[in-house]
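> Can you keep this structure in mind? I'll have questions shortly.
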Amino acid sequence: MIVVTGATGNVGRALVRMLTDAGVPVTAVARHITDADMPPGVRATAADLAEPAGLRVAFDGAEALFLLVAGDDPHGILEVAKTAGVRKVVLLSSQGAGTRPKAYRHPLLFEAAVRESGLDWTVLRSGGMDTNALAWAESIRTRREAAAPFGDVGLPFIDPADVAAVAAAVLREDAHAGATYTLTGPAPTTPRERATAIAAALGEPVRFTEQTREEAHTLMARFMPLPVVEGTLAILGGPTEEEQRVSPDAERVLGRAAGTFAVWAERNAAAFR
């Protein structure tokens with residue numbers, strides 16, 4: 001049995017579906033999850049990674065764990081997992097943990113805890129995800145407008161479904177122990193290009209407005225810690241060569257290229273209608 005934390009999120013929900021379709025027993029964990037949120041046959045358990053003691057029931061009988069960076073006690077989470085019989089942990093971290101360690105200290109703490117856990121481990125460092133474009137959903141639905149800073153700076157964003165597919169493979173296969181994979185899409189795209197791709201999926205024009213860095217900072221600081229805001233804006237506005245580079249890791253694990261942003265936009269066009 002595999003435990004998937006963050007099971008109602010963009011990656012977790014897709015991962016639960018993939019594992020279930022493959023006939024793998026799954027326990028889906030999220031703070032406010034119910035059975036109605038998951039496919040039939042999936043055990044849904046409401047628990048909070050910020051409270052490791054409350055994870056004992058969720059982890060009981062599991063062999064593998066898909067872990068998000070959440071809460072402040074990764075060692076506590078992993079001790080509960082080991083006690084429950086978990087032998088493998090796959091951590092969803094951030095590419096910024098490698099490229100901007102001062103800004104991404106929280107993921108680095110989780111990575112260190114996983115490596116020190118005594119469990120078989122794999123770290124997935126995801127780049128920016130295509131679902132970041134859902135921040136435009138309301139403005140595109142109501143005004144056919146998308147706004148973002150650094151409109152012509154390209155980054156190889158990845159479809160969360162591809163992150164989930166990599167996680168599903170790593171959780172089920174034995175060849176990935178001790179590996180750290182960087183996950184990106186197949187090509188850099190700019191915010192302006194992503195708005196154009198959504199417009200093509202809708203069959204209607206979408207106006208792109210470029211924000212200033214200050215405008216973006218103010219909006220992001222409403223829901224993100226300030227160090228993460230600074231790190232994110234640094235990547236968006238002045239990415240390093242590594243951050244702009246397409247990583248081969250997703251294709252190596254999946255045996256196929258990761259999907260393009262345009263394909264993601266077509267599949268999710270209803271969110272912007």
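The values are calculated or read from the model by the stated rules, or taken from the named source; none is laboratory data. What you see is a predicted model, and the numbers here were worked out from it, not measured in a lab. Note that we place each Cβ from the backbone using ideal geometry, even for glycine, and neighbour counts take in every protein chain shown. Quick note on the areas: whole protein, heavy atoms, side chains included, nothing else; ligands and nucleic acids left out. Shrake-Rupley method; radii C 1.70, N 1.55, O 1.52, S 1.80 Å.
> If R0 is 22 Å, what FRET efficiency do you get for E251 and V24 from their C-beta distance, rounded to 0.05?
E(calc), rounded to 0.05, equals 0.45.
> Set the Förster distance to 35 Å, then compute FRET efficiency between A271 and E79 from the Cβ-Cβ distance, nearest 0.05.
Approximately 0.35, to the nearest 0.05.
> In the set (1) 59, 23, 17; (2) 34, 22, 15; (3) 31, 20, 18, which value of semi-axes √(5λ) of the Cα gyration tensor in Å was calculated from the structure you see?
Label (3) holds the value from this structure.
> If you roll a 1.4 angstrom probe over the protein chains with everything in place, what fraction of the accessible area of the range 152-261 belongs to carbon and sulfur, to the nearest %?
Its accessible area is 54 percent carbon and sulfur atoms.
> If the only charges are +1 at each Lys and Arg Cβ and -1 at each Asp and Glu Cβ, what is the size of the charge dipole of the range 68-153 around the Cα centre, to the nearest 20 debye?
100 debye
> So with the 1.4 Å probe, I'd like the accessible area per residue for the chain, rounded to whole Å².
Ligands and nucleic acids excluded, the figure is 46 Å² per residue.
> Could you state the number of Å between the C-alpha centres of the range 193-271 and the range 24-84?
With the range 24-84 and the range 193-271 each reduced to a Cα centre, they are spaced 29 Å.
> Give the carbon-plus-sulfur fraction of the accessible surface of the range 1-88 in %, rounded to a whole number; probe 1.4 Å, heavy atoms of protein chains only.
Ligands and nucleic acids excluded, carbon and sulfur reach 49 percent.
> Picking from A197, V229, G128, whose Cα lies most toward the positive end of the charge dipole for the chain (charges on Cβ: Lys, Arg +1; Asp, Glu -1)?
Going by the Cα projections, it comes out as A197.
> Given labels modelled 7 Å from the Cα in the Cβ direction, how far is it in nm from A234 to A200?
3.4 nm
> Would you mind checking the radius of gyration and Dmax of the range 152-231 based on alpha-carbon positions, in Å?
17.1, 47
> If we count every other residue with Cβ under 10 angstrom of N10's Cβ, Lys/Arg +1 and Asp/Glu -1, where does the sum land?
-1
> Could I ask something else about it? Pick out, from G178, A270, V3, the residue whose Cα sits farthest towards the positive end of the charge dipole of the chain, with +1 on the Cβ of Lys and Arg and -1 on the Cβ of Asp and Glu.
Selected residue: A270.
> Run the helix sum for the chain: -39,500 (n - 2.57) per DSSP H stretch of 4+ residues, divided by residue count, reported at 222 nm to the nearest 500 deg cm²/dmol.
After summing the helix terms and dividing by the residues of the chain, the value is -11000 deg cm²/dmol.
> Which one of P107, V80, A97 has its Cα pushed farthest toward the positive end of the charge dipole of the range 66-109, where Lys and Arg give +1 and Asp and Glu give -1 at the Cβ?
Highest projection toward the positive end goes to A97.
> Jot down the radius of gyration and Dmax of the range 116-193, Cα atoms only, both in angstrom.
That works out to 16.4, 52 Å for Rg and Dmax.
> Averaging sequence separations of C-alpha pairs under 8 Å and six or more residues apart, then dividing by the length of the chain, give the relative contact order as a whole percent.
Normalised by residue count, the contact order of the chain is 18 percent.
> For every other residue with a beta carbon closer than 12 angstrom to the beta carbon of E266, add +1 if it is Lys or Arg and -1 if Asp or Glu, then tell me the sum.
-1
> Treating only the Cβ of Lys, Arg, Asp and Glu as charged (+1, +1, -1, -1), what charge dipole size does the chain show about its Cα centre? Round to the nearest 20 debye.
In total the dipole reaches around 300 debye.
> Here is a further query. So how much slack lies between V57 and A36, counting 0.36 nm per residue of separation and subtracting their Cα-Cα distance, in nm?
Value of the extension gain: 5.6 nm.
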